[in-house]
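The values are calculated or read from the model by the stated rules, or taken from the named source; none is laboratory data. Not measured: the values here are computed from a predicted model. Neighbour counts run over all protein chains shown; Cβ positions are idealised from the backbone, glycine included.
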Amino acid sequence: MACTGAGSTNSRSRCVTETVNGSHHFTINGYSLAKGMGVGKYIASESFSVGGYQWAIYFYPDGKNAEDNSLYVSVFIALASEGTDVRALFELTMLDQSGKGKHKVHSHFDRSLESGPYTLKYRGSMWGYKRFFRRAHLETSDFLKSDSLAITCTVGVVVSSTQGPRLYSIPVPEPDLGQHFGMLLESGEGTDVAFEVDGEVFHAHKLVLAARSPVFKAQLFGPMRDRNSSNLQIADIEAPVCNFFSFNSCCLVFEIQVH
């Protein structure tokens, strides 16, 4: 049984491993003209970005390895940018161009991988099939139409992240409440009480006055408050003095006689 003291703390985090996926469609026009370019020579797609890395599709019309005697076409996906031990899932699809949907698919995504995702060690590392399709069968199939082939490659780059509680920083505003009250009083917006002092009228806010002065609190909200508490007369104080204290958020520090 674990014991926790007054100073102990508990925390938690989790590791999330997932794939960042992306696809590229590569069309090869003029297949018959590409034949005979030589074993080990390839046609490359434009590079494309998935998971922060560049990738390219390599199509070998005469095959990748000499021992196959050009009996097969080869298709590979290559890491085309700098990277070390890049782990990924791949899918290579040669599209059936008859409209029947009978595509030729080699995929990591739909099956369990006993040894996990494939690891590409460095730039130029490849994954694919030396014997992707027997060339004689390909040339009489629905995959070849108008001397063109269509290949789609999907890459899923494995990424991991550790997630913990998120800390948020809330900026604390400057202590300028008094300034804001002064601006509110100066604007006259929302005023609900008027003072007549030495023949001059000043407007203010009842709640602010009550919060700052117990005299005004009793006068404006107490049981003995005046029935006409919106218009008050103040004696024994000159107008400039009243204006000074009103502008400073009604911070009155002396008793005044209210009629």
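Take Glu114 and tell me if it is assigned to a loop (DSSP other than H, G, I, E, B), closer than 18 Å to Ser47 by Cβ and of a type in the set (D, E, K, R). So Glu114 does not fit the description; no. Inside the stretch 117-147, can you point out the residues that are in a strand (DSSP E or B) and farther than 20 Å from Val86 by Cα? Lys130, Arg131, Phe132, Phe133, Arg134, Lys145, listed by residue number. Listed by first and then second residue, the pairs linking a residue in the stretch 165-184 that is within 17 Å of Ala211 (Cβ to Cβ) and touching a residue at least 24 places away in the same chain (Cβ under 8 Å) to a residue that is surrounded by 10 or more Cβ atoms within 10 Å (Cβ to Cβ) and of a type in the set (S, T, N, Q), with Cβ atoms under 6 Å apart and 6 or more places separating them unless they lie on different chains, are Gly178/Ser249; Phe181/Ser249. Given the condition in the same structural domain as Gly124 (by TED's automatic domain parsing), in a loop (DSSP other than H, G, I, E, B) and in contact with an Asp or Glu (Cβ under 7 Å, 6 or more places away or on another chain), answer yes or no: does some residue in the stretch 82-93 qualify? No, the stretch 82-93 has no match at all.
Can you say whether Val159 is among the β-branched types (Val, Ile, Thr), at pLDDT 75 or above and in a strand (DSSP E or B), as far as the supplied structure shows? Here the answer is yes, as Val159 does meet what is asked.
In the stretch 107-156, the qualifying residues are those that are of a type in the set (S, T, N, Q) and closer than 14 Å to Glu91 by Cα, and the one that is surrounded by the fewest Cβ atoms within 10 Å (Cβ to Cβ) is Ser112.
Of the residues making up the stretch 94-111, those that are out of contact with any Phe, Trp or Tyr (no Cβ under 8 Å at 6 or more places or on another chain) and in a loop (DSSP other than H, G, I, E, B) are Ser98, Gly99, Lys100, Gly101, Lys102, His103, Phe109, Asp110, Arg111.
Across the stretch 71-96, the qualifying residues are those that are of a type outside the set (Val, Ile, Thr) and surrounded by fewer than 16 Cβ atoms within 10 Å (Cβ to Cβ), and the one among them that is farthest from the chain's Cα centre (by Cα) is Leu71.
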